[in-house]
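Just so it is clear, none of the values below were taken in a lab; they were calculated from the coordinates. Since we're looking at a predicted model, the values are computed, not measured. Here the Cβ positions follow ideal geometry from the backbone for every residue, glycine too, while neighbour counts run over all protein chains shown.
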Amino acid sequence: MPAALTAWLTGDASADRVVPPSGFTAQLTLFAAGVMTFLTVFALALSLATGRLAERWGDDLARASTVRISAPADQMRTQTAAALRVLETTEGVESAQALSAEDQQALLAPWFGPDVPVDALPVPQLIEVTESDGGFDAAGLRLRLSAEAPGAVLDDHTRWRRPLVAAASRLRTLGLLSILLIGGAMAAMITLAANAALAANSQVIGVLRLVGAKDRYIARAFVRRFTLRALIGSVVGMICGAIAILFLPDQGEVGLLTGLGFRGIEWLWLPLLPLAAAAVAYGATRRAASRVLAALR
C-alpha cells in the first residue's frame, strides 16, 4: 500500500479530534451509506437480471415460430400433415412438430385450469417451428402454407418479441437510473451530516485557525473521517444485500423475477459498491467542507 494512502487512512490524531467520533452525524453517515448500498445491491441485481432476461427473450423468441391451423374437424389432420410437409421442405426451418393434445392442454391450463377438455373444444392445432441460425423467408412460407393448407397461419412472434425485449431493456435502464438516484440521495445525506458536524464544531475550527491551522488541514480531517464512515456503512449494507439476494425464494421458470440476482463474474460488482460509496462521500464531504469553512471565515 502506498505510503501516502497509508498516512491518509491512519490520519492525524490531533486533527481527528475536530470531528465528533459519535453522535448524530456519525450515525447518519453510517446509516445512509449502509441503507443506500443495500438498495443499490437490489437495483444492480434487477438491472443485470433484466439484461439477461432481454437477451433470453430475444434469443428464444427470435428462433421460435408457431403455425396455427384452424380447419373443420374432418380436415384438421390432413391440413396438419400438409403444413408439416411444407415446413420440412422450407429452407431455414430446423424442426417442426405438431403439439399433442396434452401439450396444448398444458398451454391452456394457466387460463382454463388443468382439466380443460381440449378434444371437446374448437382449439386450433399448433405446430411449433424452430428456425435455423439463418432463419426463413416468412412471406414465402406464408404463401406456400396458404396454398397447401388454407387454414394455416404463420406467427413468427415478431409482434410479441419486440415489446417484451423493449420492456426488459427499459426495466434495465430504470435499474441503472435508480442506482444514480440512490447515489445522489446518499451524497445529499452525507453532505447534510458534514454540514452539521462542521457547524457544530465552528468554535473548535476558530481556535484551530488562531493557532495557525490551515483550512486544508481541517477539511482533510472531516473528509477522512466521513469517507471511512461511509466505507464501513457501505460494506455492512453490501453484505446484508448479498445475503438477502442469496435467500430470495426460487420462482422456478415462470416467475417474473426469475433469475433476479448475480451470476458468476457479476458478483465482482459488489465489492465495487463500497468503493463507489466512499468516493461519493469523499466528494460530498470535501465540497461541503470547502463551502462551510469559507463561510466561517
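Computed from phi, the 3J(HN,Hα) profile of region 143-153 under the Karplus parametrisation 6.51, -1.76, 1.60 (θ = phi - 60°) reads 5, 5, 5, 5, 7, 8, 9, x, x, 8, 10 Hz, with x in place of Gly and Pro.
Each residue of region 211-224 is assigned a 3J(HN,Hα), and the resulting list reads 8, x, 6, 8, 4, 4, 5, 5, 5, 4, 5, 5, 4, 5 Hz, derived from the Karplus form 6.51 cos²θ - 1.76 cosθ + 1.60 (θ = phi - 60°), x at Gly and Pro. First check a/c for region 71-150, with a ≥ b ≥ c the square roots of the eigenvalues of its C-alpha gyration tensor; if it is under 1.5, answer rounded, and if not, answer prolate when a/b is larger than b/c or oblate otherwise. In terms of gyration-tensor shape, oblate.
Under 8 Å for C-alpha pairs, at least 6 residues apart: give me the relative contact order for region 71-150, rounded to a whole percent.
On the way: 78 pairs, mean separation 34.0, N = 80.
It comes to 42 percent, rounded to a whole number.
Summary of packing: across the peptides 167-173, 94-100, 210-216, the per-residue average of other C-beta atoms within 10 Å ranks them, highest first, as 167-173, 94-100, 210-216. Once the chain from A188 to T89 is taken as fully extended at 0.36 nm per residue, the excess over their C-alpha distance is 29.1 nm. Each Lys and Arg adds +1 at its Cβ and each Asp and Glu adds -1 at its Cβ; summed about the Cα centre, region 71-150 shows a dipole of about 300 debye.
Residues in region 183-197 carry Karplus couplings, in order, of x, x, 5, 5, 4, 5, 5, 5, 4, 4, 5, 5, 4, 5, 5 Hz; the curve used is 6.51 cos²θ - 1.76 cosθ + 1.60 with θ = phi - 60°, and Gly or Pro positions show x.
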